[in-house]
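**Student:** Mind looking over this structure? Questions follow.
The values are calculated or read from the model by the stated rules, or taken from the named source; none is laboratory data. Note that the coordinates shown come from a computational prediction; the quantities given were computed from them, not determined experimentally. When we count neighbours, we look across all protein chains shown, and the Cβ atoms used for this are built from the backbone with ideal geometry, even at glycine.
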């Protein structure tokens, strides 16, 4: 059976409409995927380390709470105690909301920072801070999941004959361990507190 001219036109129009419909669906899917990607955190906190009480802790253990994470070492002469003091001030300033935030100190010097050393150090700033350590391999693996660096620097006058160079940012992770924000060294506690209160 031969198609009339009108039927041919209708078939062509139907084909074009089907093509446009499929293209529109694909475009909407692409836009949805793009929107999801834009809302995805650039990275997630990921670790399995031993805390200052000798208990193994992972990021999943803090699900449902915001995490304030700082990398440092107990023999740090200035940056670490200053930042942990700011963290302590933030936790105090949060009042009842402090229960929604878990401050975490991860050592970059596992050779000296044993659980015992951390147990003597972190409570000097705030009783709620959890200190984490592990084997050198565990610390190296953890550091690869964060945008940080650290290195051992030989220094004859330092305890043990060396010190550590390391990233000095304070990181914030959301209740699903997704990166939310960070603050450079020297950011006042008041500014960090204000940022936190806008989020939690």
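**Student:** When you scan the stretch 104-120, how many residues do you find that are surrounded by 23 or more Cβ atoms within 10 Å (Cβ to Cβ) and touching a helix residue (DSSP H, G or I) at 6+ places or on another chain (Cβ under 6 Å)?
**Tutor:** So the answer is 1.
**Student:** Further, regarding this structure: Which residues, counting only those in the stretch 53-71, are within 14 Å of residue 131 (Cβ to Cβ) and in a strand (DSSP E or B)?
**Tutor:** The answer is 56, 57, 67, 68, 69, 70, 71.
**Student:** Which strands (runs of 3 or more DSSP E) does the stretch 121-200 wholly contain that include 1 or more residues that are touching a helix residue (DSSP H, G or I) at 6+ places or on another chain (Cβ under 7 Å) and surrounded by 12 or more Cβ atoms within 10 Å (Cβ to Cβ)?
**Tutor:** Ranges flagged: 130-133, 150-154, 170-173, 179-183.
**Student:** Separate question: Among the listed residues 171, 125, which satisfies the condition of being within 14 Å of the chain's Cα centre (by Cα), at pLDDT 95 or above and under 17 Å from residue 82 (Cα atoms)? Lay out the reasoning, then the answer.
**Tutor:** Values: 125 fails: within 14 Å of the chain's Cα centre (by Cα).
Going through 171, 125 in turn, just one is within 14 Å of the chain's Cα centre (by Cα), at pLDDT 95 or above and under 17 Å from residue 82 (Cα atoms): 171.
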